[in-house]
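Here is the structure we will look at.
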Amino acid sequence: MMIDTGTLRTSVRNGIEFIKKQRDVIDAEVFASWNEHITVRVNYTSDIPCNGIHEPKSTQGCGIALRVVFGSGKGIKVGLGNSANDITQRGIIDAFSKAKRNKIYDPDFLSLPVPIGEPVLQNYHDPETMEIDDETIVRLGWQGLKGVLEEYHQNRFSTSIIAGGDITIIRERMAIASTKGIDDFDESTILTANITSMVERENVKGSGWNTSTHVSRFRPEDAGRESAESAIKTIGGERISSGTYDVVFGRQPVADLCANILIPALSLSAVNASDTPFLGKLGQKVASEALTVYDDGTIKGAIGSKKISCEGIPTGKTSLIHHGFLTGFLANHYLAKKFDSRIASFIPRNGFRFEKGKRSYTQQPGISPTNIVIEGKEEISSRSLLSEINHGIYIGRIWYTYPINGLAAGDFTSTIIADSYVVKGGEIAHPLRPNTVRINSNIMDIIKNIIAISNDKRQTILWGNEEIVLAPEIAVQGVQLDSISGFIA
C-alpha cells in the first residue's frame, strides 16, 4: 500500500510530541519512510524458447526509526529503535521502547543534527512515475528488449543471441522531525535500464544503460540498442601480452573505479577507520592537476539527486579533489562533529539511510554519495583522447573490481570483460578479446597519471550501487595490464 507524504509527516511530528513527554529525554529524531522497488527482468535467448521478459516483481517497505538522547545521573546515552510496517502511535511506542532498552554511552556522540540552510531542490520527482501502472511497467521491459533485437537484426544476427538485464523503478518518500528544529520531507523517483547482450558463438558481449527521473524521458530501448552495438563491434577480438600500457578508461570503468575504490576512500568513514590512502593529506596535492571530483546532490535531472539527506540536511556540492588537491571528504553529522576542528570542518550533506538503493528506516545514517561528478581542467573530445595515448588500450567495461589489502593500500584489481579495443596511431585498431586481461594497479597511481579527460559526461550506473557517476572518459599513462591464462579465454 502506498503511503503519502502527509501521513509520513504527521507520523514523525506525533512521534516527537510523544517523546518530549517521556522521562529523561534530552533530544530525539524521528524518521519515517515508504519505498517501492519494481524490477522487470530481461531474459532472452534466441535458440531456446523463452518469455523474453519476466513478470514485474516489486518489494515495498515502510516503517519508523528513532534516535533518542537520554540524560541520567551517569551522563548522556543514545538509544536506537524502529518499528516495521507501522507508523501509527503504536509503532512509535514500540520503537521508543526499543530505543530506551538499547541505549548506550557513545563517547563520540556530540549531538543530533541541526537545521542548515534551505533545500535547493523542490518538487523534482515525477508524479507520473509515482502513479505508474502495471501495463506501463511491462511495456518498458519490452522496449528494452526491442532495442536489443532491432540492432542485432539490422546487422544480420538472429541466432546465438542472449540478452539479460533489469528495468528498475524506485519510488520513495520520507519525512523527518527532531527536537533540534528539523521538520522536512522528500520524494524521489528513479528509473534505470541496465542491459547486457551477447553473441554466444562469437564469445562477445556488450552493455548499455539509460537513466531518468521521469518516465516520459526514459528510453530503455537505447540501453538495449547500445548493448547489441557494443557486442557486434568487439567480434574477432585479439589478445595482448602483459605489460604497462597507456589506456583510456571508458565511462563504465570510470564509474566502477569511483564506486568501488576512489569514493569510499574519500569518506569520513574511511578516515575514522584509518583505512584510506588520503589520510592526513587534506590540502595536499594527491592527483594530476587535470582532475576535479565533487559530489552534488542538487543536479536537476540526475537520478542521484535528493532534496535533503536522511538527517534532514539540504544536499549540495561537496568538493573532494580540485585540480589535483584534496579538498574534502563526504560526511554525515556524527563524523562531521567528531572531526570538526580549527583546521578543518565538514558539512554533513551525505548522511543517508540507503538499503539496496532505497531510503530505509532499518538503516542508521551512514555516509553515501549522491551524484559524483568528474571534470578535467581542460577537457577535450573523445576522439582527441585516443590521440593522447596514441598506442594503447581503450577499456570499455570492467567487473569484479575490489581493493587489495584494504582501501588504505590503494591497490586494486579488476577484469576487462567487454567493449574494449587496441588503439594504434590514435585510432581504434581492433577489438580486445573479452576476459583475457586483468588490471592490477593502484588508485593513487591512476589519478596521478591522468593526462586528459573528455568533455562528454554521461550518467553512469552500476548494479547495486546507490550513487550515480557523471562520468567522462579518462586517459591514463602507465597502467599495468596482465594477460589471463588461456583456459579462461
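The values are calculated or read from the model by the stated rules, or taken from the named source; none is laboratory data. From a predicted model like this one, the values you see are computed outputs, not experimental measurements. Ideal geometry is used to build each Cβ from the backbone, glycine not excepted, and the neighbour counts take in all protein chains shown. For accessibility, only protein heavy atoms count, side chains too; no ligands or nucleic acids. Shrake-Rupley method; radii C 1.70, N 1.55, O 1.52, S 1.80 Å.
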Task: Probe 1.4 Å, accessible area per residue of the stretch 59-192, Å² - done: 47
Open item on the list: For a quick check of your reading of the filter: which trypsin sites (Lys or Arg not before Pro) in the stretch 97-163 sit in a DSSP loop and have no more than 15 other Cβ atoms within 10 Å?
Closed with: ARG156
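How far, in nm, would the chain grow between GLU289 and THR362 when pulled straight, counting 0.36 nm per residue and subtracting the alpha carbon separation? Write out the running numbers ahead of the final one.
Numbers: separation 73, 0.36 × 73 = 26.28 nm, distance 4.11 nm.
Additional length available on full extension: 22.2 nm.
What is the gain in length, in nm to one decimal, between HIS323 and THR10 on full extension, counting 0.36 nm per residue of separation less the C-alpha to C-alpha distance? Kindly include the intermediate steps, with their values, before the conclusion.
Details: separation 313, 0.36 × 313 = 112.68 nm, distance 4.60 nm.
Stretched fully, the HIS323-THR10 segment lengthens by 108.1 nm.
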Task: Value of [θ]222 nm, deg cm²/dmol, for the chain, DSSP H segments ≥ 4, -39500 (n - 2.57) each, nearest 500 - done: -6000 deg cm²/dmol
Task: Residue-count net charge about THR234 - beta-carbon cut-off 15 Å; Lys, Arg +1, Asp, Glu -1 - done: -1
Task: Cβ-based net charge around GLU388, under 15 Å, with every Lys or Arg adding one and every Asp or Glu removing one - done: -3
Task: Virtual spin-label span in nm between HIS391 and MET2, 7 Å along Cα→Cβ - done: 6.0
Open item on the list: Less than 30 Å apart at the alpha-carbon level, and either on another chain or at least 8 residues along: which lysines does that give for LYS233?
Closed with: LYS146, LYS205, LYS424, LYS457
Open item on the list: Through the Karplus equation 6.51 cos²θ - 1.76 cosθ + 1.60, θ set to phi - 60°, convert the phi angles of the stretch 31-37 into ³J(HN,Hα) values in whole Hz; use x for Gly and Pro.
Closed with: 10, 10, 9, 9, 8, 9, 10
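How large is the dipole of the stretch 243-488 about the Cα centre if only Lys and Arg carry +1 and Asp and Glu carry -1, each at its Cβ, rounded to the nearest 20 debye? Provide the component values of the computation, followed by the final result.
Working: 24 positive and 22 negative charges, 148 e Å.
Dipole size: approximately 720 debye.
Could you compute the FRET efficiency for SER216 and LYS57, with r as their C-beta to C-beta distance and R0 at 25 Å, rounded to 0.05?
Numbers: r = 24 Å, r/R0 = 0.95.
Given R0 = 25 Å and the Cβ-Cβ separation, E is 0.60.
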Open item on the list: Could you work out the pair-distance distribution P(r) of the chain from its alpha-carbon pairs, with 10 angstrom bin width and percents rounded to whole numbers?
Closed with: 4, 19, 26, 25, 17, 8, 2, 0
Open item on the list: As a test question: what accessible area, to the nearest 10 Å², does HIS153 have when a 1.4 Å probe is rolled over all protein chains in place?
Closed with: 100
- [ ] Could you list the square roots of 5 times each eigenvalue of the Cα gyration tensor of the stretch 243-488, that is, the equivalent ellipsoid semi-axes, sorted largest first and rounded to whole Å?
- [x] 31, 18, 18
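Could you give the Stokes-Einstein D for the stretch 343-458 in µm² per second, using the C-alpha Kirkwood radius, 4 °C, 1.567 mPa s?
Details: Rh = 17.4 Å.
Rounded, D is 75 µm²/s.
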TODO: In Å and from the alpha-carbon atoms only, list the Rg and Dmax of the stretch 328-389.
DONE: 17.7, 50
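Taking only C-alpha pairs under 8 Å that are 6+ residues apart, what is the relative contact order of the chain in percent? Write down the numbers at each step before the final one.
Values: 1370 pairs, mean separation 76.2, N = 489.
Relative contact order, the chain: 16 percent.
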Task: Other-chain or far-sequence residues with amide H under 5 Å of CYS310's (modelled H) - done: GLY351, PHE352, ARG353
TODO: Using the charge dipole of the stretch 5-233 (Lys, Arg: +1 at Cβ; Asp, Glu: -1 at Cβ; taken about the Cα centre), state which of THR189, VAL204, SER230 has its Cα farthest towards the positive end.
DONE: THR189
Task: Derived scalar couplings ³J(HN,Hα) [the stretch 22-29; Karplus, 6.51 cos²θ - 1.76 cosθ + 1.60; whole Hz; x for Gly, Pro] - done: 8, 5, 6, 8, 9, 8, 7, 9
Task: Around THR189: net Lys/Arg minus Asp/Glu count, Cβ-Cβ under 9 Å - done: -3
- [ ] Can you figure out the FRET efficiency of SER483 with THR39, using R₀ = 35 Å and their beta-carbon distance, to the nearest 0.05?
- [x] 0.40
Task: Sparsely packed GluC sites (Glu not before Pro) within the stretch 339-399, loop by DSSP, other Cβ within 10 Å at most 11 - done: GLU378
Task: Percent carbon-and-sulfur accessible area, the chain, ignoring ligands, DNA and RNA, probe 1.4 Å - done: 48
- [ ] Return, ordered by residue number, the residues of the stretch 105-141 whose backbone nitrogen is under 15 Å from a label point located 7 Å along Cα→Cβ of ASP24.
- [x] 105-106
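Could you compute how fast the stretch 5-233 diffuses translationally, taking Rh as the Kirkwood radius over C-alpha pairs and applying Stokes-Einstein at 25 °C with viscosity 0.890 mPa s? Give it in µm² per second. Let's see the in-between values first.
Working: Rh = 20.5 Å.
Diffusion coefficient, whole number: 120 µm²/s.
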Task: Set of the stretch 4-25 residues, backbone N closer than 15 Å to the point 7 Å along the Cα-Cβ line of SER72 - done: 23-25
Task: Centre separation in Å (Cα based) which lies between the stretch 338-353 and the stretch 103-157 - done: 27
Task: Separation of alpha-carbon centers, the stretch 235-257 and the stretch 1-45, rounded to whole Å - done: 44
Task: Per residue, in Å², the accessible surface of the stretch 243-488 once ligands and nucleic acids are set aside, probe 1.4 Å - done: 37
Task: Efficiency of FRET between ARG201 and SER242 - r from beta-carbon atoms, R0 30 angstrom, step 0.05 - done: 0.60
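Lysine pairs in the stretch 49-102 with Cα distance under 28 Å, only those 8 or more apart or on different chains: how many are there? The partial results should precede the final answer.
Numbers: LYS74/LYS98; LYS74/LYS100; LYS77/LYS98; LYS77/LYS100.
Close lysine pairs under the 28 Å cut-off: 4.
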Task: Total charge dipole magnitude, the stretch 1-146, about the Cα centre, Cβ charges on Lys, Arg, Asp, Glu only, Debye to nearest 20 - done: 1000
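Would you list CYS62, CYS50 from the most to the least accessible area, probe 1.4 Å? Before the final figure, lay out the partial values.
Values: CYS62 20, CYS50 60 Å².
So, going from the largest accessible area down, we get CYS50, CYS62.
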Open item on the list: Taking the Cα centre as origin and putting +1 on Lys and Arg beta-carbons and -1 on Asp and Glu beta-carbons, what dipole magnitude results for the stretch 70-178, to the nearest 20 debye?
Closed with: 860
TODO: Kindly write out, for the stretch 302-316 in residue order, the coupling ³J(HN,Hα) from the Karplus curve 6.51 cos²θ - 1.76 cosθ + 1.60 (θ = phi - 60°), rounded to whole Hz, with x marking Gly and Pro.
DONE: 7, 6, x, 6, 9, 6, 9, 6, 7, 10, x, 8, x, 6, x
